[in-house]
Amino acid sequence: MKRPIIIILISYIIGILGGLYINSIAFFCFILIITMCLWGIRKINNKYFRFLRRFLKRYTELLILISMTFGFLYTNILNQKYDTIYEAEEEIAEHCIVIAEKEPKEYKDLYKVKVINSKNSARNGTKLYIRVNKQANIEVGDMLVINGTYVEPDVARNERGFNYKEYLKTLEIYGTVEINHYKVIKKGRINKLILYTAKLKEILKSNISKVIKKEENKNLLIAMILGDTENLSEELKTDFLNSNLYHILSVSGGQVSNIIIGITILFRLLKIHKKIMDVLCIVILIEFMFLTGLTPSIIRACIMCVISLISGLIIRRYDIANSLGISLLIILINNPFAINSLSVLLSYFGFLGIIVLGSFTIKEVNKVIKNNILRYILNIVISSVAAQIFIFPIILYVFGTISLTFIFSNLLIIPLSTIITIIGLFIMICPLPIFGFVEPLIELTINIVGFFSNIGISKIYCIIPNIKEIIIYYVMSIYLYYMLRRDYIYKIKHFFRKYKKIIVLILVLSIGISFIYKNIPKDLYINFIDVGQGDSTLITTQFNKKILIDGGGSEFGSTFDVGEKTLLPYLLKKKIHKLDYVIISHFDSDHVGGILTILEELNVKQVLIPKQVEYSENYNKFLDIIKKRNIKVKIVGEGNTINLDKNTYIDILWPEEKQITDNVLNNNSMIVRLCYKNFKMLFTGDIEEIAEQKLLQKYENTEKLTADILKVAHHGSKSSSIAEFLEKVNPKIAVIGVGKNNKFGHPNAGVLDRLSMLRNKNI
């Protein structure tokens, strides 16, 4: 085998994925089939399998089998441990050590700790987050006795939503403990290397402070070299993210290259022998990994550089594929769940992008450009752009946005950041005032980033691809790479000329079939979206009409934008970029908060609202948006009917012309009755008892209030859902929109009792 490490890695990854997504019996059947196929290929004397037979030498099947099985079993064992070792809402008392600097949050700070002495020995070595008041005096290396409540991480609450539990697994975190009481019993008891690294980091930061005077400039330089973004303003972080330049703040291969360049320049000035220089570089790179927090991207870059330096020392040929495989294998053996880590995916796919897309371009550029400095700068820019193109579907899948300015922004920022990083390294080692000339360059970087962030095309929301589409993207990219490498361009042109009629016919048929499929009648779909403490419902009709009813609410605090963070990504992941109707029941924040973002970013044909008698901040924002976006608005009330398509319509049952003056917004909420053939659903907004009584009187002798599904009023508040109203509606299913552990105590126990009595009555 030419590259056994690659065989082991691929097989191990397949085993991990099997452990994550496939049951035991199915996976072992899969392994058996794969092994038999590989064995069979070796026995087939067909010329098309010759290259595989050369690849599959003796015992290869056994190596693949062992790697797959180990990956599968290892992942399953760890997964079971994560799921069972702690219980939700368990009161725990543990001895632990703080192993990382605090992560500041809005109300409390998070500290990463390692359990070292537990009554349950299986918990020793597990890592937890502890949530502590901001006044806490805790440092890295402190040994603590903690008492608190274990909070089980949330899973995804919406389709393809963020799974916090799986995210923590990628960080080797078992959950969070809400601290009731803690006590520092010993200071600085952590591993001496980590403690030394923490102190060294503080020294390096202080050296920067001696030269860079402006706080914002200092924090940015620290972030660019060490990846520490803790003290960066949220505004600046957002600017980097919107301009597609956040990779400048994530320590990776670019920073490692700059470090090597800076060290090389310094050591050559000191006239240090090359082999001694290489050894010192290896030591510095290993220490740099610890300084930057052992992130996957820096582990990859440093390990690959270390292997390259070692190859030079022992006079062996450097193999980039093996070094890449070794670095990834180290990460995944330490934590197999890192396969789902965004930083791992971005780091390795970005590097593959440099190999697949960048290498060919760099080769052609180097033929033309003779100036070494210009060539170096262009190579860095090309590598960065190639990496960005290759990770594009991953970025789109996670964030749902693209930037049309990233080529221009990278072209300006990368050369500038390279200079800043190299000078910053010299400042950290020797903080001389002469290096102060770099501060205007840092300010220039901030201004450029801010400029690109505020351009309209720097952040565009797009339809989010699914996994199949992402796989197709990468298969086509790799195929194109081989075409370019083997000079198949002429053959491709010839193929298109020869079969252009067939290709056009296939394209036309594909478009036609897609159009026909789109217009085939389907069932009615109702999706209740978890938006925290609020309501939001997506309705898809037979003929693909999209209606969104409400879209606000969050238990995460005032700074959490439920529209941007939850509602918009949910719609984009369902490939919805256009809404036929947006219905706002009323203008309380827990119903309209997320709608404002939707109106700004998606194509909305018409908005239905009730008559407003109280103007609010939300309503004024709404008016500004619809005016700017030129969105049609219709004020509706009792008696209005909206025909959606052939079998689907909505009746507006409330509010009436004479509005209720008591708790005006809630009681004058729009009440919508969705009708599809014989199916009915009632949306009740936040109406309370007084409105329910009036509705009972108004529709006493009709079936207008009856429904198969009831969206329970006011999140199950005790002021709503009186027994008479529930009996009149008589639903088979009742849906309550609430936030987890909300401060209002919703849903009320009395409401749940009345719903239970109704269910028992109907049984």
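Values in this text are rule-based calculations from the coordinates and carry no lab data. Please read these numbers as outputs of a predicted model, since none were measured by experiment. Don't worry about glycine lacking a Cβ; one is built from the backbone with ideal geometry, like all the others, and counts go over all protein chains shown.
Distances between placed amide hydrogens fall under 5 Å for Leu644 paired with Tyr649, Ile650, all partners being 5 or more residues away or on another chain. Peptides 333-341, 8-16 ranked from most to least packed by the mean count of surrounding Cβ atoms within 10 Å: 8-16, 333-341.
Using θ = phi - 60° in the Karplus curve 6.51 cos²θ - 1.76 cosθ + 1.60, the 3J(HN,Hα) couplings for region 230-246 round to 4, 9, 6, 5, 4, 4, 5, 4, 5, 4, 5, 5, 5, 8, 6, 10, 5 Hz; x is entered for Gly and Pro.
Cβ crowding within 10 Å ranks Lys210, Lys574 as Lys210, Lys574, fewest other Cβ atoms first.
If a/c stays under 1.5 just call it rounded; otherwise compare a/b with b/c (prolate if a/b is bigger, oblate if not). Do that for region 525-762, with a ≥ b ≥ c from the square roots of the Cα gyration tensor eigenvalues. Each step should come with its number before you reach the end.
Numbers: a/c = 1.41, a/b = 1.28, b/c = 1.10.
It is rounded, given that a/c, with a ≥ b ≥ c, falls under 1.5.
Less than 5 angstrom separates the built amide H of Asn748 from those of Ser717, Lys718, all sequence-distant by 5 or more or on a different chain. Ignoring lysines fewer than eight residues from Lys501 along the same chain, the ones with Cα atoms less than 16 angstrom from its Cα are Lys493. Gyration tensor over the Cα atoms of region 550-670: the corresponding equivalent ellipsoid has semi-axes (square roots of 5 times the eigenvalues, largest first) of 23, 20, 13 Å.
Entry note, region 525-762: relative contact order of 15 percent, from Cα contacts under 8 Å with a spacing of 6+ residues.
Past 22 Å, Cα to Cα, is the threshold; run Lys237/Lys743; Lys127/Lys187; Lys459/Lys575 against it and keep the listed order. Beyond 22 Å between Cα atoms: Lys237/Lys743. Among the chymotrypsin sites (Phe, Trp or Tyr not before Pro) in region 107-136, those placed in a DSSP loop whose Cβ has at most 14 other Cβ atoms within 10 Å are Tyr107. Here the Karplus relation 6.51 cos²θ - 1.76 cosθ + 1.60, evaluated at θ = phi - 60°, turns the backbone of region 570-585 into coupling constants of 4, 5, 5, 5, 8, 6, 9, 10, 9, 10, 6, 9, 10, 10, 10, 5 Hz, with x for every Gly and Pro.
How would region 78-173 be classified by its alpha-carbon gyration tensor: rounded, prolate or oblate, with rounded meaning a/c under 1.5 and the a/b versus b/c comparison settling the rest? The partial results should precede the final answer.
Numbers: a/c = 1.84, a/b = 1.21, b/c = 1.52.
Cα axes put region 78-173 in the oblate bin.
Among Glu215, Glu638, sorting on how many other beta-carbon atoms sit within 10 Å of each Cβ, with the fewest leading, yields Glu215, Glu638. Amide H to amide H, with H built 1.01 Å from N, Ile272 comes under 5 Å of no residue 5 or more places away or on another chain.
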